[in-house]
Every structure is written in C-alpha cells, then in structure tokens.
Amino acid sequence: MTIEIKPTGSTLGAEITGADLTQPLTDAAFAQIRAAFYQHEVIFFRGQALSDEDQIRFTARFGELRKLKLASQAHVQHPEIFVVSNIVKEGKPIGSYDAGKLWHTDGAYLAKPHAISALRALEVPAHNGRTLGDTHFASTSAAYAALPQSMKKRLEGLMAAQSFEQHLVKTGGTGIKKEIYATANADREAIHPLVRVHPVNGRKCLYVTEGYTSRIVGLPEDESRELIAELAAQCIKPEFTYVHNWRQHDLVMWDDCSTQHRATFDYPASAPRLMHRTTVVGGATVQ
Ligand code: SIN
C-alpha cells in the first residue's frame, strides 16, 4: 500500500490514506506519517475500524501515552483511553460529556502539557444524512506567524497561567472534570510561555486559549485580560482553522502545542456520540 498525504486545503490538516492501522506499520511508513503530522499539525485517517489495542499501539509510536489516574475517567481495561461521550448507562455518564466546550489545548494546566491527542470515532450522531458534533481546529503557529512584528516583540518573554479552575468555572463545572479537580493530588494550574517554541518543528506557537489561559504574569489585570482576549481571537480566525466533520471509524490526531480545538454540541442527548482518546505525554515547555 502506498501512503498518500492529502492536505485539507485549510491552513492545517491532512488526510492520510494507504495505511492500515490495524496492522503494525513499517518504520518507513511510520516516518512518513510522523513527518506529515508535524507539517500539517492535524492528521486524520478514515475507515479505520480499530480496536482500543490498535489505537494504543499506533499512537504510542509517537511517544509515551498518558495513563489516567481516576478509574471513572478511563476505559476499564485501558488506563490510556479517555472516553468522550454523551452516553449515559445506569444513570451515569460513561465518559466526559462536555469535553471541548471551549477552545483549549489538552492538558494546558499540567507542568508538562500533552504533546499529541488522538481521537477515534466509535459512534457519531447524524441528522438528515449529515453527521453532527464536528471538531474545530486552529493553527496557533499560523496565528503567531501572522502577528505584526510589534506584537511579536511585545509577547517576548511573557508567561501565562493555564488554569483548570477557570475552565471548570466557564464550562459550568460538571462531570468528570469536577471529579478530577476535587482529587487531592489534582494538577490545577501551570505557568507556560505565551509563545511556545515547538519541540519538534521549531515553529513559534501562541499558547493562549479561551478555556485555560487565566492571566499573564506581571501584567495589570485589565491589560492581561485584554491581551488574552485579543490573542485567543487571533488564533481562531477562520483563515487559521479547519473543521473536521466526523465519520464513524475516523482517527484524528492533533498537535497540542501548535493547535487548539473545540467541539460542537449541535446534536441531541438522544443521539449517541462515543469517542476514545489517547494522549502522548509532553515535555517541559520552551519559549
Ligand atoms: C476534546 O476536546 O478533546 C474532544 C473534542 C471532541 O469531542 O470533539
């Protein structure tokens, strides 16, 4: 099989065909996929009827997978799998039903934020022949590159707080996130550069999201709030975004340094949506 990389035509994102992820890939095939990932920042594969084990095996080639701490967060057999779903069984949600309400990057509040996330569609809601629950992605490297020189200069050396609590408050503080936050050893806030240098491709990326970024260290409150709002809005300008319309058996992977994302809640509670996510552990952030 020949691997083909098909850019979406948006600033970010590429579909990869010609790879069967149910089978171990050769080193050469994996190298091609890895290179496409770091170039396009979001990649996706269609029609991959993967098991959890397949997803874990494939995504673990990108780096160590995060293992979840709470039993209720994880798929029973696999602590690497985080369940995103609106399905309720015996009165309890089987996964995180409000993940992605706001623009965010996964694990921003951790001292070592996630490097990569991979989401696999097991069930996708549909209405009138169109699937619902799209995920929006934004390229934070393209957003940074497009800033005027004066703004790039202003951002030099700035650090910002990424707060789990802010995210919880803004989203209404429900579900699994509330449970995680309440645990004694929960990670609650981390300070990171406002502009991060990508550890693999060296691109400069705005690390500012509506969801997690709560304050810029050393700036007066008003100035900090205004700058966060301005930069968060810069990231999600339509020219820097790609919208993924899901199909069952899609696997989508995104870079948690050079992108941010949000989910769309345009489907009724009666329409099941079930996704399994794995995440690659990241390193310390660099400016
Ligand atoms: C997430 O924010 O990780 C989930 C996104 C989605 O469910 O579309």
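The values are calculated or read from the model by the stated rules, or taken from the named source; none is laboratory data. In this text the structure is predicted, and so the values were computed from the model without any measurement. FYI the Cβ positions are ideal-geometry reconstructions off the backbone, even for glycines, and counts take in every protein chain you see. In case anyone asks, the SASA skips ligands and DNA or RNA and just uses the protein heavy atoms, side chains included. Shrake-Rupley method; radii C 1.70, N 1.55, O 1.52, S 1.80 Å.
Dipole magnitude for segment 34-172: about 320 debye, using +1 per Lys or Arg Cβ and -1 per Asp or Glu Cβ, origin at the Cα centre.
Comparing 91, 110, 142 along the charge dipole axis of the chain, the residue lying farthest to the positive side is 110, per the Cβ-charge model.
By DSSP, what percent of the beta bridges with both residues in segment 4-280 are antiparallel, rounded to the nearest 5? Intermediate values should be presented prior to the final figure.
Working: 52 of 55 bridges.
Approximately 95 percent, going by the DSSP bridge assignments.
Each of 287, 125, 244 was placed along the dipole of the chain (beta-carbon charges, centred on the mean Cα), and the one lying farthest toward the positive end is 287.
Note on residue 270: accessible area approximately 100 square angstrom, rounded to 10, probe 1.4 Å, nucleic acids and ligands left out. Charge dipole (Cα centre; +1 on Lys/Arg Cβ, -1 on Asp/Glu Cβ; no other charges) of segment 79-159 amounts to roughly 280 debye. The heavy atoms of residue 112 present about 120 square angstrom of accessible area, all protein chains included, probe 1.4 Å. Of the residues 35, 2, 228, the one whose Cα sits farthest toward the positive end of the charge dipole of the chain, with +1 on the Cβ of Lys and Arg and -1 on the Cβ of Asp and Glu, is 228. Note on residue 286: accessible area approximately 80 square angstrom, rounded to 10, probe 1.4 Å, nucleic acids and ligands left out.
Surface exposure of segment 4-280, expressed per residue as accessible area with a 1.4 Å probe, stands at 43 Å².
With +1 on each Lys and Arg Cβ and -1 on each Asp and Glu Cβ, how big is the dipole of segment 4-280 about its Cα centre, in debye rounded to the nearest 20?
So the magnitude is around 120 debye.
At q = 0.07, 0.11, 0.12 Å⁻¹, what log₁₀ I(q)/I(0) does the chain have when each alpha carbon counts as one equal point scatterer in the Debye sum? For the chain at q = 0.07, 0.11, 0.12 Å⁻¹, log10 I(q)/I(0) is -0.24, -0.62, -0.74.
Can you give the longest stretch of the chain with no exposed loop site, where a site means GluC sites (Glu not before Pro) in a DSSP loop (not H, G, I, E or B) with at most 13 other C-beta atoms within 10 Å? Here the longest run is 157-287. Over the chain, dividing the summed -39,500 (n - 2.57) contributions of all DSSP H runs of at least 4 residues by the number of residues returns a 222 nm mean residue ellipticity of -6500 deg cm²/dmol.
Could you please state how large a percent of the accessible area of the chain is carbon and sulfur, counting protein chains only and using a 1.4 Å probe?
Its accessible area is 53 percent carbon and sulfur atoms.
Largest accessible area first, the residues 242, 97 order themselves as 97, 242 under a 1.4 Å probe with ligands, DNA and RNA left out.
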